[in-house]
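One structure is given here, and the rest of the page talks about it.
The values are calculated or read from the model by the stated rules, or taken from the named source; none is laboratory data. The structure presented is a predicted model; accordingly, all values stated were derived computationally and were not measured. Note: ideal-geometry Cβ built from the backbone for every residue, glycine included; neighbour counts use all protein chains shown. Note: accessible area is taken over every heavy atom of the protein model, side chains too, but ligands, DNA and RNA are not part of it. Shrake-Rupley method; radii C 1.70, N 1.55, O 1.52, S 1.80 Å.
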Amino acid sequence: PEETVTSSFASFIHAVRPEHLSKTVCHRSKRMILDSIGVGLVGSTTHVFDIALQYCQLYSSVAVSSVYGKPGVKLSPTLAAFTNGVATHSMDFDDTWHPATHPSGAVLPALLAASQMLPPSTKPNGMDFLLAFNVGLEVQGRLMHFSTEAHNIPKRFHPPSVVGTMGSAAATAKLLSLSTAQCVHALGIAASLAGAPMANAATQAKPLHIGNATRLGFEAALLAARGMEANPLILDDIPGCSGFSAFYSVYQPKPLSTPSDHHEFLLEKQDIAFKRFPAHLGMHWVVDAALSVRNLFINYAGSFSPSLIRTIVLKIPASKYINRPFPSSEHQARHSFQFNACTALLDGEVGFSSFTESNIHRQELRELLDKVVVEHPEDNVANFDKMYGEVALLLHSGDVLTGKCDTFYGHWRKPLSKESLLKKFRSNASHVLPEEKIETIITMVDNLENLSDSSQL
């Protein structure tokens, strides 16, 4: 039969081999795995994670897969994937790619749960695991490149709920060694399980998007393995019958070539962004800009004195769901340019404690928020590869101090150093694990390609 876009993706998933992974791809993806585990571990301390875990414990029958941060607690594989996916995004602390999505959290929990699900005779080794993880990343990235709409900060669907579900299905299909035909159907089934609206951003429901993506993609692969069928043209552009194109207003799919000796993964071309504090990625620009102008202010006045400030001007891209003048909850605060800029100005940092109830409702913070004016310059587009953050302090004296950030530390153009990434992981993991286990995980991920049984992870 004639090759289609969908069949080309399935052929890639089935045919790709460990030797197709370059040293750069292995290095970058292991950094992603380590960071995602750490984010999931600290995420297991949150209220929204507790809600998800309590829900899943109502239904867990075949309890074989582990839960982040809960020694001795196991759930059925798909519910473990769901719960750990919720943990990963519970603080909006997980990695971000371009076009915009959170790739690791939608894939890693499914692979961890599936590794524990499989019988001892068929346990995947570390290289199998690493390959499946990269298959999940590659499928997400290729699908996002089918639409120019996907390159900008989203307005309709939360991207990981769309491409993440497909990536999870692809990654799990690879780990389970599904046939090419089964991979086609896994993608088709996943498309029927995908999608969540952006209106639930900045609420407790947003972490469910990652939990559902990793769980439902996993379930799609399991259903395909058992003979469930779906539309074999799900990724193709068929006039009058929307498949995956239903999620995008502009959709131009391209086949994914069968891997050759020189296949180049998207992760080879573009690194990932790791967050330094738990908030929406856009906040990292305004926080770095705010910290820069705060230093100028201290040099100017001797200390940070809010009473000297008449107006705070934020020059940010137009994106409604992260333009929140007076956030009233933890999740709203993580999605507020104004809150994060003013917190950085007031405290000289943004961290876990910034999003507590007491800090969100501080009088001195409210007084700063009252001084904020937002501007949307035409050259500041809502695109994580092109945007910038600028914070200007207009003083009562008439002087103006300005800080600007084009690329924050942790962005793919300015990657975290190994030392910074390890510091973040150790800090996150220390909330729930003793030091010796933290170091064991670091060593295991660093040597993942040599691990004989990936379920040990």
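Annotations
- Contact map, region 395-412: first residue without any contact (Cβ under 8 Å) to a residue 24 or more places away in the chain and farther than 20 Å from GLN270 by Cα, second residue small (Gly, Ala, Ser) and part of a strand (DSSP E or B), Cβ cut-off under 8 Å, separation 6 or more or different chains; pairs are VAL400/ALA392.
- Conditions (1) among the hydroxyl-bearing types (Ser, Thr, Tyr); (2) farther than 22 Å from LYS386 by Cβ; (3) at pLDDT 95 or above; (4) assigned to a helix (DSSP H, G or I): number failed by SER292: (2)
- Residue among LEU368, LEU395, LEU422 that alone is within 30 Å of ARG31 (Cα to Cα) and of a type outside the set (Asp, Glu): LEU422
Residue-wise test of (1) more than 26 Å from LYS155 (Cα to Cα); (2) outside the structural domain of LEU267 (by the TED database); (3) modelled with pLDDT under 95; (4) open to solvent by 20 Å² or more (accessible area, probe 1.4 Å).
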| residue | (1), (2), (3), (4) |
| --- | --- |
| HIS27 | yes, no, no, yes |
| ARG31 | yes, no, no, yes |
| SER60 | yes, no, yes, yes |
| ALA80 | yes, no, no, no |
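- Any hit, region 63-74, residues being under 19 Å from GLU219 (Cβ atoms), surrounded by fewer than 19 Cβ atoms within 10 Å (Cβ to Cβ), modelled with pLDDT under 95 and touching a Lys or Arg at 6+ places or on another chain (Cβ under 9 Å): yes
- Residue count, region 230-262 (criterion: open to solvent by 80 Å² or more (accessible area, probe 1.4 Å) and of a type outside the set (D, E, K, R)): 7
- Residue in region 83-102 that is touching a Cys at 6+ places or on another chain (Cβ under 7 Å) and either without any contact (Cβ under 8 Å) to a residue 40 or more places away in the chain or not in a loop (DSSP other than H, G, I, E, B) (or both) present: yes
- Residue ID - farthest from the chain's Cα centre (by Cα), chosen from residues in region 111-123 that are modelled with pLDDT of 95 or more and under 26 Å from ILE234 (Cβ atoms): ALA114
- For region 42-58, the tally of residues that are part of a loop (DSSP other than H, G, I, E, B) and open to solvent by less than 10 Å² (accessible area, probe 1.4 Å) stands at 1.
- The residues on offer are ILE312, ILE316, ILE298, and the sole one that is surrounded by fewer than 18 Cβ atoms within 10 Å (Cβ to Cβ) and of a type in the set (Val, Ile, Thr) is ILE298.
- Condition check for LYS23 on (1) open to solvent by less than 10 Å² (accessible area, probe 1.4 Å); (2) free of Cβ contacts under 8 Å to residues at least 60 places away in the same chain: one failure, at (1).
- All conditions but one from (1) surrounded by 24 or more Cβ atoms within 10 Å (Cβ to Cβ); (2) part of a loop (DSSP other than H, G, I, E, B); (3) of a type in the set (Val, Ile, Thr) apply to VAL163; the one that does not is (2).
- In the set PHE277, PHE297, only one residue is over 30 Å from ARG17 (Cβ atoms), in a loop (DSSP other than H, G, I, E, B) and among the aromatic types (Phe, Trp, Tyr); that residue is PHE277.
- Residue match in region 368-380 (condition: in contact (Cβ under 8 Å) with a residue 12 or more places away in the chain and over 18 Å from VAL286 (Cβ atoms)): no
- Annotation note: Cβ proximity below 8 Å between a residue of region 174-197 that is in the same structural domain as VAL163 (by the TED database) and a residue that is among the acidic types (Asp, Glu) and surrounded by fewer than 21 Cβ atoms within 10 Å (Cβ to Cβ) (sequence gap 6+ or interchain) occurs for LEU175/ASP128; HIS185/GLU229; GLY188/GLU229.
- Among residues of region 170-229 being part of a helix (DSSP H, G or I) and of a type in the set (D, E, K, R), the one that is surrounded by the most Cβ atoms within 10 Å (Cβ to Cβ) is ARG215.
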